[in-house]
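This report concerns only the one structure given below.
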Amino acid sequence: MKRTGVYGIMAEFDSVHTLLHAANRVREAGYKRIDAYSPFPVEGLAEAIGFHHDEVPLVVLIGGLIGGLTGYLMQYWISVVSYPVNVGGKPYHSWPAFIIVTFEMTILFAGISAVLGMLALNGLPMPYHPVFNAPRFAFATKDRFFLIVFSSDPKYKPTEVRSFLESLQPRSISEVPD
Amino acid sequence: MTQGPVQNERAPVIEPGYTLGSVTDKISSIVLTRPTSNAWFVGFGVAFLLLMMLLFAIAYLFVKGIGIWGVNAPIGWGFAIVNFVWWIGIGHAGTLISAILLLLRQSWRNSINRFAEAMTLFAVASAGIFPLIHVGRPWLAYWLFPYPNTMRVWPQFRSPLVWDVFAVSTYATLSALFWFIGLIPDLATLRDRSEERWKKIIYGMLAMGWRGSARHWHRYETAYLLLAGLATPLVLSVHTVVSFDFAVGIVPGWHTTIFPPYFVAGAIYSGFAMVLMLAIPIRKVYNLEDFITERHLQNAAKVMLATGLIVAYGYVIEAFMGWYGGNRYDAFLLWNRLHGPYSFFYYMLLACNIVIPQVLWIPKLRSSPVWLFLVSGVVLVGMWLERFIIVVVSLHRDFLTSSWGMYYPTRWDWMTYIGTIGLFLSAMFLFVRLLPMISIFEMRTLLPEAEVKE
Amino acid sequence: MSAAPMRNLDLMTPPVVKTIQQRSLIIGLVFGGIAALGAWHQADEFFRAYLMAFMAWLGVTLGSMAILMLRHLTKGAWGMVIRRILGAAMRCVPLMAALFIPLLFGLRRLYIWARPLDAMADNHLREHLQEITKTYLSVNGFVIRAVFYFAIWWGLSFFLTQWSAEQDHPPMRDNSTRFKALSGPGLILYGLTITFAVIDWIMSIDPSWISTIFGLSFLIGQVLSALCFAVVVERILFRYKPMSELLKPEQVHDHGKFMLAFIMVWAYFSFSQWLIIWAGNLPEEITWYMRRLHGGWGYVGLFLVLFHFAVPFVLLISRPFKRDITRLVWLAAWLLLMRYVDLFWVIEPNFSLTFNITWLDVVVPIAMGGLWLAYFFRNLSAMPLVPAYDVFAVEVLEVAHD
């Protein structure tokens, strides 16, 4: 990876339409390492910047399965193997009663997996990130939309990228220092 | 075509004229720039005093033991369990609003889900206190969890009380996670809007470096939807398990199969009543009538009406089966409710939960905040009485006449109960002051600016 | 208000409906004839099969009414496309009322309380039934209550149909206020009447057993049957105009989601009832499950757990599956069959300690189904598939226009 001292070139947009349009154009122009920033989730934006594989559901599925298995096996082992106690003549292996805790453990593990999985895949928490250096980027959490072409993109050439972005009617363009 | 979009027929979810910027400013300014009013200090002060009363009551309890309460044999479950069920039930509306209405694509939820979720958390916290202090030796409450120990004993998984430990702790954990995940983008907004450095640092740390990347949003939305999908059966299971605490026993009045859905409906009923009791003053005080509109109040009222009717169905079928089933103990329970020493409370319960809320059928009253506030208060009282009837009336006269008794709450019971209201309100006051009480990013998605046209 | 939103799309049902109607009628009559022979020779078995078949088809009828009222209260395009299918099913109430009459000839064969001498012979029942047979479980009471239930169902279906029919002709109108005013109380009435009807017709077969969730279990079963039936019909119509233009994957997706929700609620109610009775383990309650878990019936129960809940649940989690009508329809048809198996498992063990199925259990529901379907398709072809002059029909008609 070439170090240029520049993280990327960032364009600021006024509306979600111009951002979406620009993201599609940039991707179609062959840029691979791009990202877009918006103050709320925009339908189709992730696809527009070429993001397709969302692994969160898989993480949740695995988490849920582990939770459910843990829950049932734990109860089985405790009630049948480790500490068998006769309660009201109920069998040691009282499966109807075990379903409740199995269910709760499934939900607990799946839910925690959803949160931690999402954060981990997103690389959060990450208090410092170069894009925060972009001027006016604070408005990405209010009412502005941003699109960046990273300098690590194989097609990245500062002047070309800048002029290409300029053709997409941005509000402003800036270079983001690394 | 002359008709506009169908939505225009009803009151709007958000009043027209707002932009991404103005929505952000309006909600975040409540936290960041608006001076704290004297009314807030007075309200918080009162709530805080009640919280101190709770701590005092609990401290005295730890010194003296649960003999200071009204519980006795045969009524081993007194106020503690009544209040536990009442608070847990109230919590349910928050999850219902944030999870179930999200899955049903009811976008009107976006302006009330945040504070409804906060309400859930604080209600669950208030609820959680009761079983812990009710166990008699609260310093050993961790025995409820399965952990390897030198005594080589384990919890007994055929008991609904252990199911409750799992259900309530799962519920508390997931509610907190759901709430926090929902807050992250808004915390980032507060980080970027704060003027003072220390606020930037605190909100920045909490926001975990959220920057609104499209990839992040995609995973975020997936996780949020999946959490909603998990929270929906979870919230139903929690009150179901609470109902099992009663129903798997064979005490007349407890052992009945309608309990699970009937408890869940009752929980949502009281929860929406609490949402309305909080939302009506909050929207007035913080001028949020444009975001929490008449439509929200009406929808909440309709949910109350519907769930209230399911609760009424429960009463009808329970009473009918008490007669039809031909079991003398069930029949006596019915008689005892209607004519026994606590009959006044049973009639009060019928009035509060079934009769009075029927005024919500009248559209005019349904859109009047004052009426809604009053009816909600009545429902909260009614649902508390319902749990009182279930716990106390069923226990005080069961199979053996020789073991009949009466239950009278003591001042410590009342102090603990009212004290938890103080805990709940103190937390709510702090919440509206320190965090955005309306989800800013979800409100943005409701604006015309956010619509993506092909 | 402008003129009709879609002048160029014929909203009437395709001619194939007539063909299906005729074939259903033939099947109904042929199987009905065979079943009548059975009624002559094996009257006991006939009436059991008849009760099950009656409950199964009543489920589709009343469930459709319930979903229709729910739609009127909540709106949404998912309901508009199946609205008239549900309406046609709902208008089978008179047919179900007529089909109820033969049951009256089998009361003594089905219900022990209708045979006072037998009830007296059983010590446990005698004590139990003394009061209740005098006041509630009597032939007169049974008939009077049934008339009352059918009157309510017929009344609801009458007004819902009447107001809906108005929306087939100009001018454009908005009947939603009226619909809402009826549907709210209508759903309450449905919930209460079906609960008490099920107590009379099913629960009282074993008069010593009670379960307060029983009515709700039947209610959710009926709604599930109706939804599955509507999906099957929409699939048949999807091959032809106008349904091929109207039905979009989004609406199929919604139907799939409802299906998922309903099987989850069914499982929730069934499990709750089982757990509470299992844990309580009271002799007067657990016997109900003892019968249904032993003597071969347990396998039917296990089959229900797997194929009424677990497998459909896993399938319905998948988003592409829910959106594809050509795949969803198979599950819908399967679940209709499972609804019948569920009824079989609830009703038949009352009469037989060991697993027992007769040819009548197959023939009678087909016979009744043939007649029911013939009547249903007649109802369906009587009205357009979408009320073009309902202001809310725009949401499906406009999409079809694009």
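The values are calculated or read from the model by the stated rules, or taken from the named source; none is laboratory data. Not measured: the values here are computed from a predicted model. Here Cβ is always computed from backbone atoms with ideal geometry, including for glycine, and neighbour counts include all displayed protein chains.
Name, by its number, the condition in (1) under 19 Å from C:Asn350 (Cβ atoms); (2) within 14 Å of chain B (Cβ to nearest Cβ); (3) assigned to a helix (DSSP H, G or I) that does not hold for C:Glu131.
Evaluating C:Glu131 over (1) under 19 Å from C:Asn350 (Cβ atoms); (2) within 14 Å of chain B (Cβ to nearest Cβ); (3) assigned to a helix (DSSP H, G or I) leaves (1) as the failure.
Is there a residue in the range B:339-352 that is surrounded by fewer than 17 Cβ atoms within 10 Å (Cβ to Cβ) and of a type in the set (S, T, N, Q)?
Yes: one or more hits.
Is it the case that B:Phe345 is within 11 Å of another protein chain (Cβ to nearest Cβ) and in a helix (DSSP H, G or I)?
Taking the combined requirement at face value, the residue does not satisfy it.
Could you check the range B:144-172 and list, in sequence order, the residues that are surrounded by 14 or more Cβ atoms within 10 Å (Cβ to Cβ) and among the hydrophobic types (A, V, I, L, M, F, W, C)?
B:Leu144, B:Trp154, B:Phe157, B:Leu161, B:Val162, B:Trp163, B:Val165, B:Phe166, B:Ala167, B:Val168, B:Ala172 - these are the residues of the range B:144-172 that are surrounded by 14 or more Cβ atoms within 10 Å (Cβ to Cβ) and among the hydrophobic types (A, V, I, L, M, F, W, C).
Sort out which residues of the range A:24-52 are under 22 Å from A:Asp143 (Cα atoms) and aromatic (Phe, Trp, Tyr), and write them in order of number.
A:Tyr37, A:Phe40
Which members of the range A:45-54 meet the condition of being surrounded by 14 or more Cβ atoms within 10 Å (Cβ to Cβ) and out of contact with any Ser or Thr (no Cβ under 6 Å at 6 or more places or on another chain)?
Hits for the range A:45-54 are A:Leu45, A:Ala46, A:Glu47, A:Ala48, A:Ile49, A:Gly50, A:Phe51.
So which of B:Trp154, B:Trp163, B:Trp217 is within 7 Å of chain A (Cβ to nearest Cβ) and in contact (Cβ under 8 Å) with a residue 40 or more places away in the chain?
After applying the criteria, what remains is B:Trp163.
Take C:Ala88 and tell me if it is buried (at least 17 other Cβ atoms within 10 Å of the Cβ) and at pLDDT 90 or above.
So C:Ala88 fits the description; yes.
Looking only at residues in the range C:112-159 that are basic (Lys, Arg) and modelled with pLDDT under 85, which one is surrounded by the fewest Cβ atoms within 10 Å (Cβ to Cβ)?
That would be C:Lys134.
With respect to the numbered conditions (1) surrounded by 23 or more Cβ atoms within 10 Å (Cβ to Cβ); (2) more than 9 Å from chain C (Cβ to nearest Cβ), which one is the sole condition not fulfilled by B:Leu225?
Failed condition: (1).
Scan B:Ile292, B:Ile268, B:Ile258 and give me the residue that is at pLDDT below 90 and buried (at least 23 other Cβ atoms within 10 Å of the Cβ).
Testing whether each residue is at pLDDT below 90 and buried (at least 23 other Cβ atoms within 10 Å of the Cβ) leaves just B:Ile292.
Checking the conditions here, which among A:Leu147, A:Leu165 is more than 14 Å from chain B (Cβ to nearest Cβ) and touching a Leu at 6+ places or on another chain (Cβ under 9 Å)?
A:Leu165
Among the residues in the range B:148-157, are any of a type in the set (Ser, Thr, Tyr), at pLDDT below 90, more than 18 Å from the chain's Cα centre (by Cα) and not in a helix (DSSP H, G or I)?
Yes; the residues of the range B:148-157 include at least one that is of a type in the set (Ser, Thr, Tyr), at pLDDT below 90, more than 18 Å from the chain's Cα centre (by Cα) and not in a helix (DSSP H, G or I).
Only one of B:Ser98, B:Ser107 is touching a residue at least 12 places away in the same chain (Cβ under 8 Å), out of contact with any helix residue (DSSP H, G or I) (no Cβ under 7 Å at 6 or more places or on another chain) and under 19 Å from B:Met304 (Cα atoms). Can you tell me which?
Sole residue among the options that is touching a residue at least 12 places away in the same chain (Cβ under 8 Å), out of contact with any helix residue (DSSP H, G or I) (no Cβ under 7 Å at 6 or more places or on another chain) and under 19 Å from B:Met304 (Cα atoms): B:Ser107.
For the range A:73-111, how many residues are more than 7 Å from chain B (Cβ to nearest Cβ) and in contact (Cβ under 8 Å) with a residue 40 or more places away in the chain?
So the answer is 2.
Sort out which residues of the range C:293-315 are more than 14 Å from every other protein chain (Cβ to nearest Cβ) and in a helix (DSSP H, G or I), and write them in order of number.
Once the filter is applied, which keeps residues that are more than 14 Å from every other protein chain (Cβ to nearest Cβ) and in a helix (DSSP H, G or I), the range C:293-315 yields C:Trp297, C:Tyr299, C:Val300, C:Phe303, C:Leu304, C:Leu306, C:Phe307, C:His308, C:Val311, C:Pro312, C:Leu315.
Just give me the residues in the range A:112-147 being under 16 Å from the mean Cα position of the chain (by Cα), buried (at least 22 other Cβ atoms within 10 Å of the Cβ) and touching a residue at least 12 places away in the same chain (Cβ under 8 Å), in sequence order.
A:Ser113, A:Ala114, A:Gly117, A:Met118
Is it the case that the range C:186-201 has a residue that's within 14 Å of chain B (Cβ to nearest Cβ), modelled with pLDDT of 90 or more, touching a His at 6+ places or on another chain (Cβ under 9 Å) and within 25 Å of C:Gly87 (Cβ to Cβ)?
Looking for residues that are within 14 Å of chain B (Cβ to nearest Cβ), modelled with pLDDT of 90 or more, touching a His at 6+ places or on another chain (Cβ under 9 Å) and within 25 Å of C:Gly87 (Cβ to Cβ), one finds at least one in the range C:186-201, hence yes.
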